[in-house]
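Q: Have a look at this one before I ask anything.
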Amino acid sequence: MLNIRNWIAIFGLLFTQVACTAELAEINAQELEKLITAGVTVIDVRTPGEWKKTGIVEGSIPIMFFDEKRKAHAQEWMQQASMHIKPDSPVAIICRSGNRSKVVGNFLIKQHGYQNVYNASGGIKAWVAKGNKTVKAK
């Protein structure tokens, strides 16, 4: 039978587990602008063809996660991304509409322990629709 100390210990462990679990923050284009101004790293996970077609958010880092056939390249992506972002630093992820970036954001949180991850809801489409400029990907 569990005594009160055991229950307190179990509750403490569960609370710590819940408190340490980060959640993906959904942001709009205006909030993304504020994060960029604050110096938050932005990673664009679209394909090279998409970068060429619409350009990228100035200062963002283009690193493809899913290829044109929708195949994920998680390990290669993480190797490249980890040169620019760390688990304790904030990062915003953007794609075309916010769906792929949501998957990548959750991947960072759940598989790699990132704590401050933002998903640009609406993606580059929302960014451009708001009247923001893009630049040519390098």
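Q: Among the residues that make up the range 47-67, is at least one of them among the aliphatic types (A, V, I, L, M) and buried (at least 22 other Cβ atoms within 10 Å of the Cβ)?
A: Yes, because at least one residue in the range 47-67 is among the aliphatic types (A, V, I, L, M) and buried (at least 22 other Cβ atoms within 10 Å of the Cβ).
Q: Something else about it: Of the conditions (1) surrounded by 14 or more Cβ atoms within 10 Å (Cβ to Cβ); (2) out of contact with any Pro (no Cβ under 7 Å at 6 or more places or on another chain); (3) modelled with pLDDT of 95 or more, Lys34 fails just one. Which one is it?
A: Against the list (1) surrounded by 14 or more Cβ atoms within 10 Å (Cβ to Cβ); (2) out of contact with any Pro (no Cβ under 7 Å at 6 or more places or on another chain); (3) modelled with pLDDT of 95 or more, Lys34 comes up short only on (1).
Q: Would you confirm, using the coordinates I've provided, whether Arg96 is buried (at least 18 other Cβ atoms within 10 Å of the Cβ), of a type outside the set (A, V, I, L, M), outside any helix (DSSP H, G or I) and touching a residue at least 12 places away in the same chain (Cβ under 8 Å)?
A: Yes; evaluated as a whole, the condition is true for this residue.
Q: Find the residue count for the range 124-137, including only residues that are touching a residue at least 60 places away in the same chain (Cβ under 8 Å) and either assigned to a loop (DSSP other than H, G, I, E, B) or farther than 21 Å from Gly39 by Cβ (or both).
A: 9
The values are calculated or read from the model by the stated rules, or taken from the named source; none is laboratory data. The shown structure was predicted, so the numbers you read here are calculated from the model rather than taken from an experiment. Cβ atoms come from the backbone with ideal geometry, glycine included; neighbour counts cover every protein chain shown.
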